[in-house]
Amino acid sequence: MLKLGILISGSGSNLQAIIDAIAAGTLDAEIVTVISNKADAYGLERACHAGIRAVHLDPADPAYRGASDSSTPADKAAATTAYNAAIRDELTVVGADYVVMAGYMKLLGLEVLDAYPNRVLNLHPALLPSFPGAHGIDDALAYGVKITGVTVHFADAEFDRGPIIAQIPVEVREDDTADTLATRIHAAEHTILPKALQWIAEGRVTVEGRRVYIS
Ligand code: GAR
């Protein structure tokens, strides 16, 4: 059974989709921790409600700045390293063997990525490599594409770049607003993310360079 650590920053509707898929027996996994960089992320409440360990790790916590209270680039880099080491330590102490960024809106550090090579998944609300970043839905709508979608991929040290595991297209309709398009994008996410995780649970996913093969 997969032991998942889930990273979130917000609503956690994709966390909920994973919780629901596990409860429904369509995903053979257990969530061992939910980590948020935001104290008010609703996903933390969803985790508590489901009886799942939920942790807020605040990137601004002075503990990550060590003895220094200056903010030179080197100090900031050291604080980012310490913060990501804290995420890694939380993941390893609970025995996570895969990590899912389900709406985690910060760049994940090498401290985590190196501890989980090709074992960190990211979810993105567009068909990568189109419209990376924090506004994938709005950017696709503003650009005027007729088809956008959802991508699940292995994370690397750049935002929204690593090897692609799965994508689903979502049509952009003439009368779409950001809200109506987002509703269909999120519905697609809630399907594809648990499905991709189940492929991994079944041992069907291999990575060769940028290519991901599903047997
Ligand atoms: C999802 O749409 C996810 O694709 C997006 O954040 C949202 C989180 O929703 N992630 C990114 O844009 C990453 N670049 P949720 O908190 O309801 O699961």
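Quick notes on this structure:
- Unit charges on C-beta of K, R, D, E only; dipole of the range 4-88, Debye: 120
- Folded to 0 to 90 degrees: helix 13-24 orientation relative to the chain principal axis, Cα: 80
- Computed on the chain, the Cα convex hull volume stands at 131 Å³ per residue.
- For the chain, adding -39500 (n - 2.57) for each run of n ≥ 4 DSSP H residues and dividing by the number of residues yields -11500 deg cm²/dmol at 222 nm.
- Relative to the longest principal axis of the Cα atoms of the chain, the long axis of helix 73-93 makes an angle of roughly 70 degrees.
- When restricted to Cα atoms, the range 1-106 yields an Rg and a Dmax of 14.9, 50 Å, respectively.
- Note that the range 31-92 presents 55 Å² accessible area per residue, ligands and nucleic acids not counted, probe 1.4 Å.
- Farthest positive-ward along the range 18-154 dipole, Cα basis, beta-carbon charges - from Gly66, Ser36, Tyr104: Tyr104
- Amide H contacts under 5 Å for Val100, placed H, 5+ residues apart: Gly5, Ile6, Leu7, Leu121
- A straight Cα-to-Cα reach below 27 Å connects Lys76 with the lysines Lys38, Lys106, residues fewer than 8 places away in its own chain not being considered.
- Overall, the accessible surface of the range 1-59 at a probe of 1.4 angstrom is composed of carbon and sulfur to the extent of 47 percent.
- Modelled FRET efficiency - R0 41 Å, Ala134 with Ser215, Cβ distances, 0.05 increments: 0.75
- Between helix 178-201 and the chain there is an angle of about 70 degrees, using the helix long axis and the longest principal axis of the Cα atoms.
- Placing +1 on the Cβ of every Lys and Arg and -1 on the Cβ of every Asp and Glu, with no other charges, gives the range 35-179 a dipole of roughly 320 debye about its Cα centre.
- Long-range HN-HN contacts of Val55 with modeled amide H, under 5 Å: Val34, Ile35, Ser36
- The range 130-196, accessible surface, carbon-and-sulfur percent (1.4 angstrom probe): 55
- Close amide H pairs (under 5 Å, H built 1.01 Å from N) link Ile165 with Val152, His153, Phe154, residues at least 5 positions away or on another chain.
- Over the range 141-215, the pair-distance histogram of Cα-Cα distances with 10 Å bins from zero comes to 18, 41, 30, 11, 0 percent, rounded to whole numbers.
The values are calculated or read from the model by the stated rules, or taken from the named source; none is laboratory data. Quantities reported herein were computed from a predicted structural model and do not represent experimental measurements. Quick reminder, even Gly has a Cβ in these numbers, built from the backbone with ideal geometry, and neighbours come from all protein chains shown. To get the accessible areas, we keep the full protein, side chains included, count just its heavy atoms, and leave off ligands, DNA and RNA. Shrake-Rupley method; radii C 1.70, N 1.55, O 1.52, S 1.80 Å.
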